[in-house]
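**Student:** Can you keep this structure in mind? I'll have questions shortly.
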Amino acid sequence: MTMNSTMTARKIFFYYEVTISKDQYQTWQKLIPVQSGKASINQNIALFLESPLEVSPPENLTPEVLAKEFQTPSALVRINGSEIYYQEKLVSRFSQDIAAAIIYPDNNHIVFQQGNEMRIIELDGSNNCLLFKLHSAEPSQFSVRDSNLYFTDEGKVQGKTIR
(Lines give C-alpha, C1' and ligand atoms only; values in the text may rest on other atoms or scores of the structure.)
Protein backbone atom coordinates (compact mmCIF):
# COMPACT_ATOMS: atom_id res chain seq x y z
CA MET A 1 0.00 0.00 0.00
CA THR A 2 1.39 3.33 -1.08
CA MET A 3 0.43 6.39 0.78
CA ASN A 4 0.61 9.80 -0.92
CA SER A 5 0.51 12.81 1.20
CA THR A 6 0.47 16.30 -0.08
CA MET A 7 1.48 19.15 2.08
CA THR A 8 0.25 22.51 1.04
CA ALA A 9 2.52 25.32 2.07
CA ARG A 10 0.42 28.11 3.41
CA LYS A 11 1.86 31.57 3.24
CA ILE A 12 1.12 33.61 6.29
CA PHE A 13 1.49 37.35 6.02
CA PHE A 14 1.69 39.90 8.76
CA TYR A 15 0.94 43.51 7.96
CA TYR A 16 2.95 46.31 9.48
CA GLU A 17 2.07 49.99 9.38
CA VAL A 18 5.36 51.70 8.57
CA THR A 19 5.75 55.44 9.05
CA ILE A 20 8.83 57.40 8.05
CA SER A 21 9.13 61.05 8.94
CA LYS A 22 11.79 63.72 8.82
CA ASP A 23 11.68 67.40 9.77
CA GLN A 24 10.50 69.63 6.90
CA TYR A 25 9.34 66.62 4.83
CA GLN A 26 5.94 65.04 4.36
CA THR A 27 5.39 61.82 6.26
CA TRP A 28 5.48 58.56 4.29
CA GLN A 29 3.15 55.75 5.42
CA LYS A 30 2.37 52.34 4.06
CA LEU A 31 0.89 49.04 5.17
CA ILE A 32 3.62 46.52 4.29
CA PRO A 33 2.92 42.78 4.04
CA VAL A 34 5.71 40.59 5.43
CA GLN A 35 5.61 36.83 4.91
CA SER A 36 6.22 34.81 8.06
CA GLY A 37 9.92 33.95 8.34
CA LYS A 38 10.92 36.27 5.47
CA ALA A 39 12.30 39.76 5.15
CA SER A 40 10.54 42.50 3.21
CA ILE A 41 12.32 45.21 1.24
CA ASN A 42 10.73 48.43 0.07
CA GLN A 43 13.19 50.38 -2.04
CA ASN A 44 10.92 53.05 -3.49
CA ILE A 45 10.48 55.30 -0.50
CA ALA A 46 10.68 59.00 -1.33
CA LEU A 47 10.08 61.92 0.99
CA PHE A 48 8.92 65.24 -0.46
CA LEU A 49 9.33 68.67 1.10
CA GLU A 50 6.38 70.04 3.10
CA SER A 51 7.09 73.51 1.72
CA PRO A 52 8.85 73.24 -1.64
CA LEU A 53 11.47 75.90 -2.22
CA GLU A 54 11.18 78.32 -5.11
CA VAL A 55 13.93 77.92 -7.70
CA SER A 56 14.57 79.96 -10.82
CA PRO A 57 13.99 78.01 -14.03
CA PRO A 58 16.88 77.77 -16.47
CA GLU A 59 16.92 80.70 -18.91
CA ASN A 60 16.37 78.41 -21.90
CA LEU A 61 13.25 76.82 -20.34
CA THR A 62 10.51 78.69 -22.15
CA PRO A 63 6.82 77.75 -22.07
CA GLU A 64 7.32 76.17 -25.55
CA VAL A 65 10.27 74.02 -24.41
CA LEU A 66 8.36 73.01 -21.29
CA ALA A 67 5.36 72.03 -23.44
CA LYS A 68 7.57 69.68 -25.50
CA GLU A 69 9.08 68.11 -22.36
CA PHE A 70 5.61 67.73 -20.86
CA GLN A 71 4.29 65.81 -23.89
CA THR A 72 7.25 63.47 -24.32
CA PRO A 73 7.47 61.36 -21.13
CA SER A 74 3.74 61.15 -20.50
CA ALA A 75 2.97 58.26 -22.89
CA LEU A 76 2.72 55.73 -20.04
CA VAL A 77 0.42 57.95 -17.98
CA ARG A 78 -3.19 58.36 -19.03
CA ILE A 79 -5.94 60.48 -17.51
CA ASN A 80 -9.62 59.64 -17.84
CA GLY A 81 -11.53 62.42 -16.09
CA SER A 82 -10.91 61.78 -12.39
CA GLU A 83 -8.82 58.64 -12.91
CA ILE A 84 -5.07 58.23 -13.39
CA TYR A 85 -3.68 55.15 -15.16
CA TYR A 86 -0.09 54.01 -15.48
CA GLN A 87 0.63 51.38 -18.14
CA GLU A 88 -3.15 50.88 -18.40
CA LYS A 89 -3.43 50.00 -14.66
CA LEU A 90 -5.59 52.20 -12.47
CA VAL A 91 -3.46 54.17 -9.98
CA SER A 92 -6.30 56.04 -8.29
CA ARG A 93 -9.75 57.56 -8.76
CA PHE A 94 -10.57 60.95 -7.28
CA SER A 95 -13.68 63.04 -6.68
CA GLN A 96 -12.30 65.85 -8.88
CA ASP A 97 -10.95 65.69 -12.45
CA ILE A 98 -7.22 65.55 -13.10
CA ALA A 99 -5.93 68.36 -15.34
CA ALA A 100 -2.50 66.89 -16.18
CA ALA A 101 -0.08 64.16 -15.07
CA ILE A 102 3.45 62.86 -15.73
CA ILE A 103 5.59 60.05 -14.41
CA TYR A 104 8.23 61.16 -11.89
CA PRO A 105 11.82 60.30 -12.96
CA ASP A 106 12.08 57.48 -10.38
CA ASN A 107 9.25 55.67 -12.27
CA ASN A 108 7.50 55.04 -8.94
CA HIS A 109 5.45 58.22 -8.59
CA ILE A 110 3.11 60.34 -10.67
CA VAL A 111 3.07 64.13 -10.45
CA PHE A 112 -0.37 65.51 -11.25
CA GLN A 113 -2.51 68.64 -11.19
CA GLN A 114 -5.93 68.56 -9.61
CA GLY A 115 -7.68 71.92 -9.62
CA ASN A 116 -5.04 74.41 -8.53
CA GLU A 117 -3.03 71.80 -6.62
CA MET A 118 0.18 70.09 -7.70
CA ARG A 119 0.28 66.65 -6.10
CA ILE A 120 2.36 63.47 -6.19
CA ILE A 121 1.22 59.88 -5.63
CA GLU A 122 2.85 56.45 -5.66
CA LEU A 123 1.94 54.06 -8.48
CA ASP A 124 -0.04 51.87 -6.06
CA GLY A 125 -2.22 54.87 -5.12
CA SER A 126 -0.67 55.43 -1.70
CA ASN A 127 0.94 58.55 -0.26
CA ASN A 128 -1.06 61.13 -2.20
CA CYS A 129 0.73 64.33 -1.16
CA LEU A 130 0.02 67.98 -1.82
CA LEU A 131 3.22 69.58 -3.12
CA PHE A 132 1.94 73.16 -3.49
CA LYS A 133 -0.90 75.27 -4.86
CA LEU A 134 -0.89 77.12 -8.17
CA HIS A 135 -2.41 80.57 -8.58
CA SER A 136 -4.98 79.22 -11.02
CA ALA A 137 -6.69 75.96 -11.90
CA GLU A 138 -5.81 76.37 -15.59
CA PRO A 139 -4.06 73.19 -16.79
CA SER A 140 -0.33 73.51 -16.32
CA GLN A 141 2.48 71.89 -18.25
CA PHE A 142 5.31 70.59 -16.14
CA SER A 143 8.56 68.68 -16.11
CA VAL A 144 10.88 67.30 -13.45
CA ARG A 145 14.63 67.81 -13.63
CA ASP A 146 16.64 66.40 -10.74
CA SER A 147 14.70 67.44 -7.63
CA ASN A 148 13.07 70.43 -9.30
CA LEU A 149 9.56 70.60 -10.69
CA TYR A 150 9.20 73.24 -13.42
CA PHE A 151 5.67 74.27 -14.33
CA THR A 152 3.59 76.94 -15.98
CA ASP A 153 1.39 79.10 -13.80
CA GLU A 154 -0.44 82.10 -15.23
CA GLY A 155 1.57 81.72 -18.46
CA LYS A 156 5.00 81.93 -16.78
CA VAL A 157 7.52 79.14 -16.20
CA GLN A 158 8.26 78.70 -12.49
CA GLY A 159 10.15 76.14 -10.46
CA LYS A 160 10.17 74.53 -7.06
CA THR A 161 12.53 72.07 -5.39
CA ILE A 162 10.25 69.29 -4.17
CA ARG A 163 12.77 66.79 -2.70
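The values are calculated or read from the model by the stated rules, or taken from the named source; none is laboratory data. This one's a predicted model, so the numbers in the text were calculated from it and none came from an experiment. Here the Cβ positions follow ideal geometry from the backbone for every residue, glycine too, while neighbour counts run over all protein chains shown. Protein only, heavy atoms only, side chains kept; ligands, DNA and RNA dropped before computing areas. Shrake-Rupley method; radii C 1.70, N 1.55, O 1.52, S 1.80 Å.
**Student:** All but one of (1) open to solvent by 100 Å² or more (accessible area, probe 1.4 Å); (2) on the phi < 0 side of the Ramachandran plot hold for V111, so report the exception by its number.
**Tutor:** So V111 meets the others, but not (1).
**Student:** Same structure again: Quick one: in the stretch 116-136, which of the residues that are under 18 Å from Y85 (Cα atoms) and either basic (K, R) or in a loop (DSSP other than H, G, I, E, B) (or both) is most open to solvent (accessible area, probe 1.4 Å)?
**Tutor:** D124
**Student:** In the stretch 75-89, what count of residues is obtained for those that are farther than 18 Å from Y104 by Cβ and either of a type in the set (A, V, I, L, M, F, W, C) or free of Cβ contacts under 8 Å to residues at least 12 places away in the same chain (or both)?
**Tutor:** Qualifying residue count, the stretch 75-89: 2.
**Student:** Can you pull out the residues in the stretch 137-151 that are open to solvent by 20 Å² or more (accessible area, probe 1.4 Å) and touching a strand residue (DSSP E or B) at 6+ places or on another chain (Cβ under 7 Å)?
**Tutor:** Answer for the stretch 137-151, where residues must be open to solvent by 20 Å² or more (accessible area, probe 1.4 Å) and touching a strand residue (DSSP E or B) at 6+ places or on another chain (Cβ under 7 Å): P139, Q141, V144, S147, N148.
**Student:** Also: Name the single residue, out of those in the stretch 16-31 being surrounded by fewer than 10 Cβ atoms within 10 Å (Cβ to Cβ) and in contact with a Leu (Cβ under 7 Å, 6 or more places away or on another chain), that is modelled with the lowest pLDDT.
**Tutor:** Here the answer is E17.
**Student:** Shifting gears a bit: Which of the residues that make up the stretch 46-72 are of a type outside the set (D, E, K, R) and open to solvent by 60 Å² or more (accessible area, probe 1.4 Å)?
**Tutor:** Within the stretch 46-72, S51, L53, S56, N60, Q71, T72 meet the criteria.
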